[in-house]
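> This is the structure, below, for whatever I ask next.
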Amino acid sequence: MNRKYVVIASFVVLTVAAAAAQSAGQRSFNAVKALSGNWEGKSSMGEAVQVSYKSTAGDSAMMGEIRSHMHGKSEDMISMFHMDGDRLLLTHYCGAGNQPRMQASISADGKTITFDFVDATNLATPDTGHMQSVVFTFIDATHHSEEWHFKLPGKEMVQKFELEKKSQEYSAMAATYITPNKDTVVSEIFVAAPCERVFTALIDRAQALQWGSSAEYEMTEWEMAPRRGGKWKFIARKRGDASSPDLVHYGEITDIDPPRLLQYTWFASWHSDPSQETLVRWELSAAAGGTQVKVMHSGLAPMPQDCKGYAQGWPGLVARIKQVVEASIET
């Protein structure tokens, strides 16, 4: 054989070997990264479930969040995926109060990833209820299933989710829920614009006056000093009713990291307890074709009626942010 072809053949073999040596863990991580976005479906018990995946920490980790309503109760669980040398680890922050770590193994065809228990924190005994394993099965680009195995003394409970990826056009309305402890309202929406454009809309007076007004209320004043320790304030008034009181909202920025994070205290004159400090946190993460926007309003447990009110109010507000930002992109 010609020496040149021997060299080429050797190079090809080495290249294939290198690809194989990319470790099963790295291939598993790449597959998990491909799940980035929002998914919805049903559990094996017929309950609705929403799952989201996003890259974080400089693309060195993936965060998965499961939101469901099982047995009439809201459930919210977080899983973090990251490489540890050549292996992929999953740390599951479970509603049981412990945090199992599991290691991935991938099938030869790459269609199934199984995470098996390694160890856990806050696990009183090995028999304490905990997540023992998870199986991801990839069907196609927009469908996959997740099978979560929860270990109990002498038995195992299995919950399977059949999931379909939401199209980015889906999110004209926000996905909103109240956390199980009744303290926080969470609202999420996809905006077809870069993070920088969305972040600017959160701190820019002209845009805030647009998205802060609705068919029922008009935002008449808005100001913000976009820096840590900076003050913010806005006033809204009911349209067509000169006698209605001003609804005053104000606070102080406690954290800011453009264009990913904005957090501030929030007081309102109309709260059942106007002196009660609450906290609003905006998290913006890049997604295919735009930005996934998540706002969390916490500290509401002492004001249950106000908490319910915000669960109705935040979806409309983030939808208007989406409308204002996307309209600015088109023009």
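> Residues in the range 82-117 that are in contact with a strand residue (DSSP E or B) (Cβ under 7 Å, 6 or more places away or on another chain) and among the small types (Gly, Ala, Ser): how many? Steps first, please.
At the first step, the residues of the range 82-117 found to be in contact with a strand residue (DSSP E or B) (Cβ under 7 Å, 6 or more places away or on another chain) are 82, 87-96, 98-106, 111-117.
Subsequent filtering for residues that are among the small types (Gly, Ala, Ser) retains 95-96, 104-105.
Number satisfying all stated conditions: 4.
> Related question: Within the range 259-318, can you find the residues that are hydroxyl-bearing (Ser, Thr, Tyr), modelled with pLDDT of 95 or more and within 30 Å of SER36 (Cα to Cα)?
Of everything in the range 259-318, those that are hydroxyl-bearing (Ser, Thr, Tyr), modelled with pLDDT of 95 or more and within 30 Å of SER36 (Cα to Cα) turn out to be TYR264, SER298.
> Looking only at the range 105-136, which residues are farther than 16 Å from VAL158 by Cα and touching a Lys or Arg at 6+ places or on another chain (Cβ under 7 Å)?
Correct list: ILE106, GLY110, VAL118, ASP119, ALA120.
> Now for a separate question. Return the residue satisfying two criteria in turn: it lies in the range 266-287 and is outside any loop (DSSP other than H, G, I, E, B) and of a type in the set (Phe, Trp, Tyr), and of such residues it is nearest to the chain's Cα centre (by Cα). First the steps, then the outcome.
Residues of the range 266-287 outside any loop (DSSP other than H, G, I, E, B): 266-268, 278-287.
Remaining after also requiring of a type in the set (Phe, Trp, Tyr): 266-267, 282.
Numbers: TRP266: 22, PHE267: 25, TRP282: 11 Å.
Looking at the filtered set, the residue picked out is TRP282.
> Please state which one of SER74, SER79 is assigned to a strand (DSSP E or B), touching a strand residue (DSSP E or B) at 6+ places or on another chain (Cβ under 7 Å), of a type in the set (Ser, Thr, Tyr) and at pLDDT below 90.
Just a single option satisfies the conditions, and that option is SER74.
> Among the residues of the range 42-60, count how many are surrounded by fewer than 18 Cβ atoms within 10 Å (Cβ to Cβ) and assigned to a strand (DSSP E or B). Step through it out loud before you land on a result.
The first filter runs over the range 42-60 and keeps only residues surrounded by fewer than 18 Cβ atoms within 10 Å (Cβ to Cβ), leaving 42, 44-48, 55-60.
From the residues that got through so far, the ones that are assigned to a strand (DSSP E or B) too are 42, 48, 55-56.
Summing the residues that are surrounded by fewer than 18 Cβ atoms within 10 Å (Cβ to Cβ) and assigned to a strand (DSSP E or B) in the range 42-60 gives 4.
> Write out, first by first residue and then by second, each pair whose Cβ atoms fall under 6 Å of each other, whose residues are 6+ apart or on separate chains, and whose first residue, in the range 184-202, is assigned by TED's automatic domain parsing to the domain that holds ARG281 while the second is in a helix (DSSP H, G or I) and of a type in the set (Lys, Arg).
Qualifying pairs under 6 Å: ILE189/LYS322; VAL191/LYS322.
> May I pose another question? Is the range 223-231 home to any residue that is at pLDDT 95 or above, under 20 Å from TRP314 (Cα atoms) and surrounded by 14 or more Cβ atoms within 10 Å (Cβ to Cβ)?
Taking every residue of the range 223-231 in turn, at least one turns out to be at pLDDT 95 or above, under 20 Å from TRP314 (Cα atoms) and surrounded by 14 or more Cβ atoms within 10 Å (Cβ to Cβ).
> Turning to a different aspect of this structure: Exactly one condition in (1) farther than 14 Å from VAL134 by Cβ; (2) surrounded by 17 or more Cβ atoms within 10 Å (Cβ to Cβ); (3) among the aliphatic types (A, V, I, L, M) is not met by ILE66; state its number.
Going through the list (1) farther than 14 Å from VAL134 by Cβ; (2) surrounded by 17 or more Cβ atoms within 10 Å (Cβ to Cβ); (3) among the aliphatic types (A, V, I, L, M), ILE66 breaks only (1).
> Determine if the range 181-203 includes at least one residue that is in a loop (DSSP other than H, G, I, E, B), loosely packed, with under 14 Cβ neighbours inside 10 Å and touching a Ser or Thr at 6+ places or on another chain (Cβ under 9 Å).
Scanning the range 181-203, I find no residue that is in a loop (DSSP other than H, G, I, E, B), loosely packed, with under 14 Cβ neighbours inside 10 Å and touching a Ser or Thr at 6+ places or on another chain (Cβ under 9 Å), so the answer is no.
> How many of the residues in the range 303-317 are farther than 23 Å from ALA208 by Cα, touching a strand residue (DSSP E or B) at 6+ places or on another chain (Cβ under 9 Å) and not charged (D, E, K, R)?
1
> Can you find, within the range 104-140, the residue that is surrounded by the fewest Cβ atoms within 10 Å (Cβ to Cβ) among those that are touching a residue at least 60 places away in the same chain (Cβ under 8 Å) and within 24 Å of the chain's Cα centre (by Cα)? Can you show your working first?
Initially, the range 104-140 is screened for residues touching a residue at least 60 places away in the same chain (Cβ under 8 Å), giving 104-106, 110, 113, 136, 138.
Those still in the list that are within 24 Å of the chain's Cα centre (by Cα) too: 104, 113, 136, 138.
Values: ALA104: 23, ILE113: 23, PHE136: 20, PHE138: 17.
Residue satisfying both the conditions and the ranking: PHE138.
> Something else now. Could you count how many residues in the range 42-71 are more than 13 Å from the chain's Cα centre (by Cα) and at pLDDT below 90? Reasoning before the result, please.
First, pick out the residues of the range 42-71 that are more than 13 Å from the chain's Cα centre (by Cα): 42-49, 57-61, 68-71.
Going one step further and asking which of them are at pLDDT below 90, we end up with 42-49, 57-59, 68-71.
The number of residues fulfilling the criteria is 15.
> Looking for something of a type outside the set (Asp, Glu), under 30 Å from LYS54 (Cα atoms) and out of contact with any Ser or Thr (no Cβ under 6 Å at 6 or more places or on another chain) - is there at least one such residue anywhere in the range 212-222?
Yes - at least one qualifying residue is present in the range 212-222.
> Inspect all residues belonging to the range 317-328 and state whether any of them is without any contact (Cβ under 8 Å) to a residue 40 or more places away in the chain and over 21 Å from PRO180 (Cα atoms).
Kept after step one, since they are without any contact (Cβ under 8 Å) to a residue 40 or more places away in the chain, are these residues of the range 317-328: 327.
After this cut, where a residue has to be over 21 Å from PRO180 (Cα atoms) as well, the list is 327.
The answer is yes; a qualifying residue exists.
> Give the range 288-319 a look and list any residue that's among the basic types (Lys, Arg) and either surrounded by 15 or more Cβ atoms within 10 Å (Cβ to Cβ) or outside the structural domain of SER272 (by TED's automatic domain parsing) (or both), or say none.
LYS294
> Quick one: what pairs do we get from the range 32-60, first residue more than 21 Å from ILE113 (Cα to Cα), second surrounded by fewer than 20 Cβ atoms within 10 Å (Cβ to Cβ) and among the basic types (Lys, Arg), C-beta under 7 Å, 6+ apart or different chains?
Pairs that qualify, where the first residue is more than 21 Å from ILE113 (Cα to Cα) and the partner is surrounded by fewer than 20 Cβ atoms within 10 Å (Cβ to Cβ) and among the basic types (Lys, Arg), are ALA48/LYS42.
The values are calculated or read from the model by the stated rules, or taken from the named source; none is laboratory data. Bear in mind the structure is a predicted one, so any value in this text is a computation, not a measurement. All Cβ positions, even for glycine, are placed from backbone atoms using ideal geometry, and neighbour counts span all protein chains on display.
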